[in-house]
Structures are given as C-alpha cells and as structure tokens.
1. Of everything in segment 229-271, what is within 16 Å of the ligand (Cβ to nearest atom) and either part of a strand (DSSP E or B) or more than 29 Å from residue 75 (Cα to Cα) (or both)? Give them in sequence order.
2. Looking only at segment 274-285, count how many residues are hydrophobic (A, V, I, L, M, F, W, C) and open to solvent by less than 10 Å² (accessible area, probe 1.4 Å).
3. When the residues of segment 57-82 are narrowed to those that are within 16 Å of residue 335 (Cβ to Cβ) and in contact with a strand residue (DSSP E or B) (Cβ under 8 Å, 6 or more places away or on another chain), which ends up nearest to the ligand (Cβ to nearest atom)?
4. Looking only at strands (runs of 3 or more DSSP E) that lie completely in segment 109-228, which have at least 1 residues being open to solvent by less than 10 Å² (accessible area, probe 1.4 Å) and within 15 Å of the ligand (Cβ to nearest atom)?
5. Scan segment 284-300 for residues that are within 14 Å of the ligand (Cβ to nearest atom) and closer than 22 Å to residue 54 by Cβ and report the count.
6. Out of curiosity, is residue 28 closer than 22 Å to residue 272 by Cβ, open to solvent by less than 40 Å² (accessible area, probe 1.4 Å) and not in a loop (DSSP other than H, G, I, E, B)?
7. Go through segment 209-228 and give me each residue that's among the charged types (D, E, K, R) and out of contact with any strand residue (DSSP E or B) (no Cβ under 9 Å at 6 or more places or on another chain).
8. Determine whether segment 46-68 contains at least one residue that is outside any helix (DSSP H, G or I) and open to solvent by 70 Å² or more (accessible area, probe 1.4 Å).
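The values are calculated or read from the model by the stated rules, or taken from the named source; none is laboratory data. Just so it is clear, the structure is predicted and the values come from calculations on it, not from any experiment. No Cβ is skipped: glycine too gets one built from the backbone with ideal geometry, and neighbour counts run over all protein chains shown. Side chains are part of the model used for accessible areas, which takes the heavy atoms of the whole protein and leaves out ligands, DNA and RNA. Shrake-Rupley method; radii C 1.70, N 1.55, O 1.52, S 1.80 Å.
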Amino acid sequence: MTTAETPAYRSDLPQQRKLVTAIPGPKSTAIHQRRSVAVSAGVASTLPVYTADAGGGVIVDVDGNSLIDLASGIAVTSVGNAAPKVVAAVRESVGHFTHSCFMVTPYDGYVQVAEKLNELTPGSHAKRSALFNSGSEAVENAVKIARLATGRTAVVVFDHAYHGRTNLTMALTAKAAPYKKGFGPFAGEIYRVPMSYPFRDPDGLGGKEAAERAISIINTQIGADQVAAVLVEPIQGEGGFVVPADGFLPALSQWCTSSGAVFIADEIQSGFCRTGDWFASDHEGVVPDLVTTAKGMAGGLPLAGVTGRAELMDAVHGGGLGGTYGGNPIACAAALAAIETMADLDLNAAAKRIEGTAVPILQTVAEQTGRIGDVRGRGAMLAAEFVIPGTTDPDPAVAAAVAKACHAQGVVVLTCGTFGNVIRLLPPLVIGEQLLVEGLGVLTDAVRAI
Ligand SMILES: *Cc1c(COP(=O)(O)O)cnc(C)c1O
C-alpha cells in the first residue's frame, strides 16, 4: 500500500535536466584525479561524473548537474533510485541487525524473499530459492545445482552471451574484450552454440529453426546425454539486447525437458518488470527449470537469487550452497520493499508505456538517417544497433560518438553489443514521460548531427 507518508517514488529531486558546469565539472574532475591513483585502472566508468543524489529519472552529480538517467545503474534501480519504500525498509532493517549469516542463525526476511521469488518466477510448480550477492554468483550456483542434480557436466551457452566476470562466468560469457582477454585459463565443459539474432542471422532462420540449428550442434558435438544445462538470457543484455525470434526459447526449453537437461534462464538483466512482464520468459510462456535473478530485484542493494524446481534445488546436500553474505538481511528488506513498489506502481505497465513512447522515436530517426539498422527490445529494455548506412556492417564509432554527445548534454546512456555498436536504454521504470522524451530527443539529435 502506498501511504501519504511514504510516496511510491522519490519526487523531492527536481525532475529536470540542468547543467551548471561542463561535464564532468570541477568537483568530479578533482575526485577523478584522486581515483586514478587510488582505484585500479581495471575498473572503468562510462561517465566520470561523481554521483551525489539520484531519484525518479535523474542523477545529480557533486557539481550540482542534474542528468537524465537512461541506464538505472545497469538495470538495477528499476523502482527509481533511493525509492522511498526501499529507503524506509533499509532504515528499519539496519537498526535491528546488520548480519547474522543465514547459515548460522537465519532470519525471516530471507525466507520472505524466497517465497516472493517462488511466487513470481514463471510456472506454478513447487519451487525453492537460494540467495547470493551478485549475478555472477547466482549463475555459478545455478550451474552447480544443474550439474549435481543431473550428474552431467556439459553446459551449453550462446553466442553474444554475458553471464558475469568470475572464472566460471567468464567462460560462459562470449565476448573476449574486455571481459576475458588475458584472464584465462577458463573453466572447462562449456560449449557455445549459435544464438537466434534476427538482425544478423547468417541463415535468416526463424526461432524454431534457429533452435534446431543449436540443438543439432549439441547433439553432434556434445551428445544430448552429456548436457547438464542450457543457459540462456531470454533477452541478451551486454551482448546487444538481442531478442531471439519467437519460438526459439520454447523449442530450447522443450529439448531440455525431453533430454533431461536443466533449462536455466538468466533473467538477471531482463527480470523484475524490465521487459513489461515480471520475467522476460513470461512473454512466450516459457517455464525455465532454474531462473537466476539479481540487478532489479533489490532497488540497488546487492542481492541475487537462484529459483527453480524443488527437486533440483533440493538435490543439493546441506551445506553445498551458501556464502557468508548471501541474502544479507538489509538487502532482503530492500528487495521486499522494491517488489512491493513494482506491484503498487504497476511497473510492468510502466515498462510497456516506455516502449510505446521510445520505439516510434527511435524508428523515426532510424528511417531518417539510415544509421540505425535495428531498433529492438521489449518494455524498457530497448536498443538501437548502429550500422554503416545501406549495410548491416557494425558502426561502433558512431554508437560511441552518439553516447559521448548524450553524456556531454547530461543524458546517461550505455553502449553494448558484441561489436560495440549498440546503444541501450534502461531507464528507471518510474521516469516521467517528459523527461524520457527529452532524453530521447538529445539522443536522436545526436544521431542526426553525425
Ligand atoms: C549483469 C549480469 C550478470 C552478472 O551480474 P553481476 O551482479 O554483475 O555479477 C549475469 N548475467 C546477466 C544477464 C547480467 O546482465
């Protein structure tokens, strides 16, 4: 329930784009200089303005610039930054206890988050959940569970996939630079097969046929009876917001069922209302055996989960899963408040509204300029893929130039894609319509100005 005392989203920050210094300003620049001697060069930032405040659809930096947020800290603050209910829940929780370790003396918040995950993830079968700290950790644990439950070792992943930065998840991730280059050797028993990427499918295959192409490779190069899991992002994230053709995911899921393999949907970026459904798998009625979650779940606090069929999740011996911090009580309190906010504000409808506003604007500039070969995505997980006009050849330079122009004018956008030629939009789902249109205007003007 939304009460008068607790507004649903943070509205005390003026919802406006307002630049009072150059980007980055002098205070950000001073911090950035300290950073360069304190923080590893291996950790990069998209836009070196240092955050002071954020809420609704804006990020305010230490120089007082108010920027339009079309990134949500990579699909995390879907309920808005410092969302009032999340803040209140965190304040309440932190005063009671900050940690006890669920593996030592457990607490109800963890159980409540597990109940919510079991309720909201696709399918009405008996489910169990386990909580972790990061998306990578959730994916690692999903693979552990699938291997143990099946007694098999092979894990099938896809071209353009992104599953994290730990050793196993680097191996599961497709793109070498910057994620894998020089960091090997990688974990074994990982097999990569072609994705359904309609804009670039070399054979022009539909979803079912693209699944058959992948399955044929699995059968011939791995052996169906060796496969512990097929791991796929229902809409790929870092790989370029690739939406597989209709029929691809259901066919893979069916093959897993008939082959005794575990179908794992990595919903870390696409979950929790981002695509206009609770989970992207819902769009085609796909019911994964295991689902990994993180990013949008806890309104900005670090929390991740693996949710799945009770018989798989309970196949693991006691003590086989866990971690010191997994399911931290404050993060659990934040997740419960964030999920309540998603339902209260109907953020699935909000995501669809964002799609309805943004897609026509992006399509118009695509037609006018020829620089965008594909506008795609679902809900508030939208992307524009930049190409050399008249071809499908990737144009990462133009994508980078457009992103840079947006940043200079106070609009935070991210790039992605195997070829680095995709600009992705992940606005907070509570962003106001005017602010969204203004941000998109800056983006489309930048494309036209190239
Ligand atoms: C971000 C992401 C991960 C990794 O999550 P971290 O919290 O960064 O470890 C895994 N899978 C997908 C699809 C992601 O988008």
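1. Those that are within 16 Å of the ligand (Cβ to nearest atom) and either part of a strand (DSSP E or B) or more than 29 Å from residue 75 (Cα to Cα) (or both): 229, 230, 231, 232, 263, 264, 265, 266.
2. 2
3. 75
4. The strands (runs of 3 or more DSSP E) meeting that bar are 127-132, 154-158.
5. Counting residues in segment 284-300 that are within 14 Å of the ligand (Cβ to nearest atom) and closer than 22 Å to residue 54 by Cβ gives 6.
6. no
7. 209, 212, 225 - these are the residues of segment 209-228 that are among the charged types (D, E, K, R) and out of contact with any strand residue (DSSP E or B) (no Cβ under 9 Å at 6 or more places or on another chain).
8. Taking every residue of segment 46-68 in turn, at least one turns out to be outside any helix (DSSP H, G or I) and open to solvent by 70 Å² or more (accessible area, probe 1.4 Å).
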